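Each remark here refers to the structure printed beneath this line.
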Amino acid sequence: MRCPYPRLLIASCIVGLAVALVVGGGCAKPQPQQVPGGPPKVGEMPVPQPAGEPIKVGAIFSVTGPGAPLGEPEKFAAEMIEDAVNKAGGINGRPLKIIIEDDQTEEAKAVLAAKKLIEQDKVCAIVGPTMSGTTLAIVDSCQKAEVPLFSCAASAKITHPVKKWVFSSAQTDVLAVQRIVEYLKQQGTKRAAIICDSNAFGQSGAEQLRKQLGEAGIQIVDEEKFATKDTDMTAQLTKIKAQNPEVIICWGTNPGPAIIAKNMKSLGITAQLINSHGVANQKFIELAGDAAEGVILPCGKLLVADELPDSDPQKATLLKFRKDYEAFTGKPVNTFAGHAFDSLQMVLQAIRKAGDDRAAIRDALEQTKDFVGITGVFNLSPEDHNGLTKDAFALVVIKNGTWTQVK
Amino acid sequence: MSAERKREILGFAVAVAIVAALPVVTRSAYWLSIGVFIALHGIVAIGLGLLLGYAGQVSLGQAAFYGMGAYGSAILTLHLGCNPWLAMGAAAVATGLIAYVIGVPTLKLHGHYLAMATLGIGIIVRILFNEGGHITGGPSGLPAVPNLAIGGFAFDNDLRMYCLAWPIVFLQVVFSRNLLRSRLGRALRAIHDSEIAARSCAINTAKAKVMVFVLSAVYASVAGSLYAHWVNFVNPHPFSFPFSLELVVMVMVGGAASIWGPLIGAAALTIIDQSLLQLGHVFPIAEDLDIVLFGIIVVLVLLFMPRGLVRGLSSQEAERRAG
């Protein structure tokens, strides 16, 4: 018989290394902190402790995998809300339990997570998933099991056509394009060029741009494409330059749009660059540097919360959410956390009104009116399970490396 | 009846009994869905096991064939109003033809050219799914794929799907087992032991390899069609390279060159994965633990049971008895 020790040694080294990595990684991960200020001040307002059978709400987020930059903030937002609700006496006197499943950004895992939440945990509603693909993969499971699903993903296919049990809280690109077209009409623009990423986000935007610019009577003088990983778009921009458009509309997510902004500057193109909400983050300004100056884009109001007029219905909600989220997680707030906040709060509002019966929650959700959320003001109805308007977007211009509302 | 045949029948009976027991024990859609996923992954893995274990070739594009079945079913039923069963058959034939076209030139060559070719096919297919406009639904996919049905009886819930998928797995096991005892199977076994010896016995090794490659693609396509008609939605993401790799891991862990090995590998990986996710609720130490653990499992299996769990465990058993 051969001596097994060399193999054992290799094996134990590998296992040891892996364990060290996992434990190290686990410690390095920021853990949600408790809200500073300690427990609620008892003297001011005695809060009754929630009692009885907990109300169970399911959540499916892409906490790991490619969707993690979206899913992790959503998870934090859900944990923050669970904490706050229970400290404030629970829901209808009962404690709230949010069961969060990680779908690892995989459709098959999302299907299993949904079935587990519905059958094993017997939740009364599901919030999420994070991505459009994972959402559409579980739509049928939720429809058949008759469980309300409030997605955080933006694809128009989720709420069009309307499905009885399925809602979504993210703004679609239809609304973003509406906001841009409205601005272009005000400016009297006649000639536009579009350049879009060849991924899902870019192509869906291109489709909307073609449709809505056509309806508004704005001519598309050139239409170009780029691949997500391209590092130079000079060729496409040279073609666009020859057509001499007044504005160039770019639809994509970083880093492509930042490269386009830089290439435009070096080619000396003076047309106004308009971007999508896909680059509404600090990363774009970092990547594009000087070239980001003067770029116009639609974005959620969370980014410009400080600048909103006091008359804006969302201002107070936005500022409070930002303060609470940053205190709870120690990280800057982001739009996706807002989607989870909106979905979950609307579900909780429906539970407060209708109890924990699945059908009653669905009916109550459909009646949601004037819900002031992070993404916008929601007005749901049997014909509209998204309930947002183009006012969910603010139009901002980048000035001195920061966002300012277009006046 | 020989002892080997008795053992074979006993093994088959035990497997059928375990599978039949699950719906009796629980009607939870969660457990039944895990069962359906094991069946679907198992169908693909058994095909890949034949290819890896007998033809000695790796395919890194099985996820693409799985996707072709799924998309074939979705496109034919949604755009052309085709009957789902017919769509499933047509998709399998088309996938088989594509595999044949890839297999003929690459399997004549020595070495791992098939791995490279299938890697490329996987990427091309993924791009086609993404860029297929309204035909494939683009990156956001095609919703509302109809269920399979016989007359008015639709396979529209998890119990019914479980009862459809597993008999297909067992049919496939029987078919594959008989195939290995046919002329082609004997040729494959000869290739497995020594390709040069096989060729000197006038075995057309390239042809045998192409046949088994086509078969593995057809199996994957059938599983993909079942997926599409069950989840009622297809998008490009599940059919990309990481899933191809996961399938190779399933086959390696369970053991190629046996029919049950890949199936057990598929079951083991699916169950470990779900257990880890649930364990994460109790010990939230690391969210990417599954990737690390799969790495460890692969290394340990390769070090201690290079022929996979099934052969590894049974040979250790034999060693102990021989003592």
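Quick notes
- Computing FRET efficiency as 1/(1 + (r/R0)^6) for residue A:270 and residue B:182, where r is the C-beta to C-beta distance and R0 is 45 Å, gives about 0.05.
- Of B:59, A:12, A:141, the residue with the largest accessible area leads and the full order is A:12, A:141, B:59 (1.4 Å probe).
- Across region B:1-79, Cα-Cα distances exceeding 13 Å account for 78% of all pairs.
- Shape annotation for chain A: C-alpha extents along the principal axes are 72, 68, 46 Å, from largest to smallest.
- DSSP loop trypsin sites (Lys or Arg not before Pro) with at most 14 other Cβ within 10 Å: longest gap in chain B: B:182-323
- Net dipole in debye of the protein assembly as shown [+1 Lys, Arg Cβ; -1 Asp, Glu Cβ; about Cα centre; nearest 20]: 2060 debye
- Whole-angstrom gap from region A:377-404 to region B:21-47, using each part's C-alpha centre: 43 Å
- Spin-label pair residue A:232/residue B:8, simplified geometry with 7 Å Cα→Cβ offset, distance in nm: 6.3 nm
- Loop-resident sites, region A:228-311, for trypsin sites (Lys or Arg not before Pro), counting at most 14 other Cβ within 10 Å (DSSP): A:229
- Here is how the number arises for chain A: DSSP H runs of 4 or more residues each give -39500 (n - 2.57), the sum is divided by the residue count, and the result at 222 nm is -13500 deg cm²/dmol.
- Taking amide H positions as modeled 1.01 Å from N, with prolines and chain starts lacking one, the residues under 5 Å from residue B:60 and 5 or more places away or on another chain are B:118, B:119.
- Cα-based reach from residue A:315 at 16 Å (exclusive), listing aspartates and glutamates while leaving out same-chain residues under 8 positions away: A:306, A:307, A:324, A:342, A:370, A:391
- Out-of-range pairs (alpha-carbon distance over 22 Å; input A:229/A:283; A:109/A:144; A:97/A:157; A:262/A:283; A:75/A:122; A:75/A:97): A:97/A:157
- Chain B - accessible surface per residue (Å², probe 1.4 Å): 45 Å²
- Entry note, chain B: the mean residue ellipticity at 222 nm calculated from DSSP H runs of n ≥ 4, each adding -39500 (n - 2.57), is -26000 deg cm²/dmol after division by the residues and rounding to the nearest 500.
- Under 21 Å from residue A:185, Cα to Cα: lysines that are on another chain or at least 8 residues apart: A:211, A:390, A:407
- Ordered by 1.4 Å accessible area with all protein chains kept, B:305, B:211, B:252, A:264 run largest first as B:211, B:252, B:305, A:264.
- Whole-Å distance, taken between Cα centres, linking region A:97-168 and region B:228-251: 19 Å
- With the simple model of a label 7 Å out from the Cα in the direction of the Cβ, residue B:207 to residue A:210 spans 4.9 nm.
- Anchor residue B:207: lysines whose Cα lies under 21 Å away (excluding residues fewer than 8 positions away in-chain): B:108
- Full extension of the segment from residue A:379 to residue A:49, taken as 0.36 nm per residue of separation minus the current Cα-Cα distance, would add 115.5 nm.
- Residue-by-residue Karplus 3J(HN,Hα) for region A:342-350, coefficients 6.51, -1.76, 1.60, Hz, glycine and proline x: 4, 4, 5, 5, 5, 5, 5, 4, 5
- Computed E for residue B:144/residue A:400 - FRET, C-beta separation, R0 56 angstrom, nearest 0.05: 0.70
- Shape category assigned to region B:3-240 from the gyration tensor of Cα positions, a/c cut at 1.5: oblate
- Annotation: amide H of residue A:196 within the under-5 Å range of A:224, A:225, A:226, A:251, sequence separation 5 or more or interchain, hydrogens built in the peptide plane.
- Backbone amide hydrogens, once placed in the peptide plane, bring residue A:104 within less than 5 Å of A:63, A:64, excluding anything fewer than 5 places away on its chain.
- Averaged over peptide A:108-120, the number of partner chain Cβ atoms lying within 10 Å of each residue's Cβ comes to 6.
- For the pair residue B:16 and residue A:10, label points projected 7 Å from Cα toward Cβ lie 4.2 nm apart.
- Acute angle (nearest 10 degrees) that the helix A:234-243 long axis makes with the longest principal axis of chain A, alpha-carbon atoms: 50 degrees
- Taken one residue at a time, the phi angles of region A:79-84 give Karplus couplings (6.51, -1.76, 1.60, θ = phi - 60°) of 5, 5, 5, 4, 4, 5 Hz. Gly and Pro are set to x.
- Simple rule: put +1 on each Lys or Arg Cβ and -1 on each Asp or Glu Cβ in the protein assembly as shown, find the dipole, and look at A:254, A:165, B:137; the Cα lying farthest toward the positive end is B:137.
- Per-residue surface analysis assigns residue B:28 an accessible area of about 10 Å², computed on protein heavy atoms at 1.4 Å probe radius.
- Theoretical gain in end-to-end length, residue B:116 to residue B:281 [0.36 nm per residue, Cα-Cα removed]: 55.4 nm
- Within chain A, longest stretch clear of exposed GluC sites (Glu not before Pro) (DSSP loop, no more than 13 other Cβ within 10 Å): A:147-382
- Kirkwood hydrodynamic radius of the protein assembly as shown, from inverse mean 1/r over distinct Cα pairs, in Å: 28.0 Å
- Along region B:85-90 the Karplus relation, 6.51 cos²θ - 1.76 cosθ + 1.60 evaluated at θ = phi - 60°, assigns HN-Hα couplings of 5, 4, 4, 4, x, 4 Hz to successive residues, with x for each Gly and Pro.
- Accessible-area ranking of B:303, A:303, largest first, probe 1.4 Å: A:303, B:303
- Taking 0.36 nm per residue of separation and subtracting the current Cα-Cα distance, fully stretching the chain between residue A:187 and residue A:359 would add 57.2 nm.
- Charge dipole (debye, nearest 20) of region B:3-240; +1 at Cβ of Lys and Arg, -1 at Cβ of Asp and Glu: 760 debye
- If R0 is 41 Å, the Cβ-Cβ spacing of residue A:88 and residue A:219 corresponds to a FRET efficiency of close to 0.15.
The values are calculated or read from the model by the stated rules, or taken from the named source; none is laboratory data. Source: prediction; values computed, not measured. Ideal geometry is used to build each Cβ from the backbone, glycine not excepted, and the neighbour counts take in all protein chains shown. Side chains are part of the model used for accessible areas, which takes the heavy atoms of the whole protein and leaves out ligands, DNA and RNA. Shrake-Rupley method; radii C 1.70, N 1.55, O 1.52, S 1.80 Å.
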